[in-house]
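The values are calculated or read from the model by the stated rules, or taken from the named source; none is laboratory data. Note that this is a predicted model, so its numbers are computed, not measured. So basically every Cβ, Gly included, is an ideal-geometry build from the backbone, and we count neighbours across all protein chains shown. Each accessible area value is taken on the protein alone, full model and side chains, heavy atoms only, with ligands, DNA and RNA left out. Shrake-Rupley method; radii C 1.70, N 1.55, O 1.52, S 1.80 Å.
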Amino acid sequence: MPDSLMKDRETESVDDVRMRGFAGRQTVEAALAWLDGQLQPLGAELLPLSASAGRVLTSPLVSDVDVPGFDRATMDGYAVAADSTDGATPYSPLPLDVIGDSLPGRPFPASVGVGQAVRIMTGAPLPTGCDAVLPAEWVEQPAGTAGFDRDAPRPNLAGRRESTVSALGPVSPGKHVGRLGEDIRRGTALFAPGRVLRPQDLGVLSSVGISRVPVFRAPRVRLVVTGNEVLPSGSRPHGHHIVDANGPMLAALVERDGGRVDFPGIVPDERDAILEALRAEADVVIVSGGSSVGIEDLAPRLLAEHGQLAVHGIAMRPSSPTGFGRLEHRLVFLLPGNPVSCLCAYDFFAGRSVRALGGLAKAWPYRPTRGRLRRKISSPIGRLDYARVRVDGETVDPLAVGGASVLSSTTRADGFLIVPADSEGFAAGADVKV
């Protein structure tokens, strides 16, 4: 008996919709209900701080140090005891004996008394005996001196008079001083689990000495673009061949949503090649193309035979041939090959899963707005429609509902609106959410 016939006999209990069409389609809500039941963040991994931006914390982070760890100057000037400047005015300056320098990383090693001062740079430790910084602009230099030069090398002196300057105004205790722990106190809870780390968060973590961060593991996503007519991205279309648009688009979407992409190239429309790709070492497998009811649409049948095809055929436009299920530990998404359908199905289902597995929010990462519809949009009851729109101020102009293969419609659009399955559409002038 031929191998192909044996395979058909072995799997005759699997519903085969090729060249028959869908007997029925699930609602978007039912499809999402099954999908959300599968979604839990993956396990934790410990990443170097430099690689953790955009990742999601799994554990609370607490500082075990003070930042800063010492009192320090917040301006260039002279460290003094504030009492030493009481009564100083431009008309009655008070002399101060300059006895040395305090530089970042090189503190003045001795105590400072009343009537004395230490030249100090921004960020340098405040010397013992000082409680304020007199800004350089509030000081009169002796005649014939070059003034305040922060780059001039000077020795640290331990109490010996070096020169004299005059205070032109008073400073209060604590003026121009950054206190110990002013930024972060030891024991402060920095970030809670679930936080998406931003660049400034990495700066804070680095400032308290944290070098490795516990985050949810990024999902590994295998892209499977099928089609004997499809040429690799970067090729020039010719004859009856088309260039892969979905692969680069999906790779960028997955990376935006926190996934790690594995996309080794186009997979031919052959049973064994597609099955091998479905079994890739990944958390999520996204198949683009071959998800519908054509004779070469092999992926749905293979998923049903070797795993679980939980959803196939959804009451939405575009993207109605979308399917998904499981193959062992992997979530598998069968996205249509038409580019707009592929984008829509990714947004509704696959992207939601990539984000959730990496600990991110399931919701769309798009900013919603509202506007008034310029023209009506019609939609049949029982089908959700994804309409591409252009936004001009408060006016929303529909571009397309159909046209699943016209990818350029998405680049002309500013966003999309959803017509729910229980609606016949929106009238011109309706207030809509985009």
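Before moving on, here are some points about what is shown:
- Among Ile418, Ile120, the sequence by solvent-accessible area, most first, with a 1.4 Å probe is Ile418, Ile120.
- Ser172-Ser235 FRET efficiency (beta carbon distance; Förster radius 56 Å; 0.05 resolution): 0.20
- A dipole drawn for the stretch 215-366 from +1 and -1 charges on Cβ atoms has a positive end, and of Ile286, Met316, Pro237 the residue lying farthest that way is Met316.
- In this structure, Ala252 and Ser92 have a Cβ-Cβ separation that, at R0 = 51 Å, corresponds to a calculated FRET efficiency of about 0.15.
- When DSSP beta bridges are restricted to pairs lying wholly in the chain, around 70% turn out antiparallel.
- Between Glu281 and Arg212, the modelled label-to-label distance comes to 2.1 nm, taking each label 7 Å out from Cα in the direction of the beta carbon.
- Sparse-neighbour loop sites [GluC sites (Glu not before Pro); the stretch 236-281; at most 13 other C-beta within 10 Å; DSSP]: Glu270, Glu281
- Sequence-distant contacts, meaning Cα pairs under 8 Å at least 6 residues apart, place the relative contact order of the chain at 17 percent.
- By accessible area with a 1.4 Å probe, ligands and nucleic acids excluded, highest first: order of Ile210, Ile184: Ile210, Ile184
- Electrostatic tally near Ser52: other residues with Cβ closer than 9 Å to its Cβ, Lys and Arg +1, Asp and Glu -1, net +1.
- Kirkwood hydrodynamic radius of the stretch 23-89, from inverse mean 1/r over distinct Cα pairs, in Å: 19.5 Å
- With coordinates expressed along the principal axes, the C-alpha atoms belonging to the stretch 226-385 extend over 50, 42, 32 Å, beginning with the largest.
- Heavy atoms of the protein chains alone define the surface here; on that basis the chain has 48 Å² accessible area per residue at 1.4 Å probe size.
- Each residue of the stretch 354-416 gets 130 Å³ once the volume of the Cα convex hull is shared out per residue.
- Within the shell defined by Cβ-Cβ distances under 10 Å, the residues around Leu39 carry a net charge of +2, with Lys and Arg each +1 and Asp and Glu each -1.
- Kirkwood-based shape ratio for the stretch 24-136, expressed as Rg/Rh from alpha carbons: 1.48
- Over the stretch 297-401, volume per residue of the alpha carbon convex hull, in Å³: 115 Å³
- Ranking Ala167, Ser379, Val56 by Cα position along the charge dipole of the chain, where only Lys, Arg, Asp and Glu carry charges on their C-beta atoms, puts Ser379 farthest toward the positive end.
- For Kirkwood radius over Cα pairs in Å, calculated from these coordinates, the label among (i) 23.2; (ii) 27.0; (iii) 25.9: (ii)
- Efficiency of FRET between Asp262 and Ala428 - r from beta-carbon atoms, R0 41 angstrom, step 0.05: 0.30
- Residue-level accessible surface for Asp431, protein heavy atoms, 1.4 Å, Å²: 80 Å²
- Look at the alpha carbon pairs under 8 Å that are at least 6 residues apart: their mean separation over the length of the stretch 288-367 gives a relative contact order of 24 percent.
- Assuming charge only on the beta carbon of Lys and Arg (+1) and of Asp and Glu (-1), the dipole of the chain about its Cα centre is about 520 debye to the nearest 20.
- Considering all C-alpha pairs of the stretch 61-115, those separated by over 20 Å amount to 41%.
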